[in-house]
Structures are given as C-alpha cells and as structure tokens.
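What follows draws every value from the coordinates through simple rules; no lab data is involved. None of the values given here were measured: they were computed from a predicted structure. Cβ atoms come from the backbone with ideal geometry, glycine included; neighbour counts cover every protein chain shown.
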Amino acid sequence: MDQQKKLHAASIVFRYFPELSPTQMELFNRLGTMYVYWNATINLVSRTDINLYLHHVLHSLAIANVTTFAAYTNILDFGTGRGFPGIPLAIIFREVDFHLVDATAK
C-alpha cells in the first residue's frame, strides 16, 4: 500500500476515533498492508472491494461507539470472518484479550 493510500486509510479511522494513539494508527495502516498482501494470495475479502477500511474496519468498530470492554476481559470472536471484527477491535481495546475462531483455515 503506497504512502498516500496509507494516510487516507488512517484518516478514515481517525475521523471516527480521534483519540487513537500513533501506535494504534500504525497498526491500522499495517492491517491494510497485510490484507492487500494476503488477499492477493488467499482471497480474504472481495478483490473488487477496494474500501477495506470503510466496508470492513469501520463496520467492525461500530460497537466501540456504544460500549467498552474492561481491561483484561476475554472476548471470543466466534466465526470471525477473516478477522473481522476481532482484529480491529483488538487494536482499539489494547488491554482486552481477543480470541478469534473460524471454521475456515485462511
């Protein structure tokens, strides 16, 4: 993912979550880079869907606007669906332990 796209991706998340730390923003940027790489290999999300952050990341983070999780809570994302919503939520709630389980071994 080139630098311009990274900044745009980060700005979309930051627009809705302005309190994110620089580390969290970097993790969201890395998430996009990883999904581009792995999607080309094993088709994680639709290859025609170029709006990963808008269609998948922000959708996954919607719950963060209405609830919070206590530190050191264990959350099970059963049927995680290629890491959504568990991975974006784990970036937001850094002190919560997320366990992602899916039947598909992608």
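With the contact rule set at Cα under 8 Å and sequence spacing of 6 or more, what percent relative contact order holds for segment 10-101?
With pairs under 8 Å counted, the relative contact order is 27 percent.
Looking at segment 10-101 from every direction and averaging, what is the projected area of its Cα convex hull in nm²?
So the mean shadow area of the Cα hull is 5.8 nm².
Mark the label point 7 Å from the Cα of ASP102 along Cα→Cβ and return the residues of segment 52-70 whose backbone N is within less than 14 Å of it.
The answer is 56-57, 60, whose backbone nitrogens lie closer than 14 Å to the label point.
What percent of all Cα-Cα pairs in segment 48-106 falls in each 5 Å bin, counting up from 0?
4, 19, 27, 25, 16, 7, 2, 0
Mind checking the dipole of segment 10-101: about its Cα centre, +1 per Lys or Arg Cβ, -1 per Asp or Glu Cβ, Debye to the nearest 20?
Using only the charged Cβ atoms, the result is roughly 220 debye.
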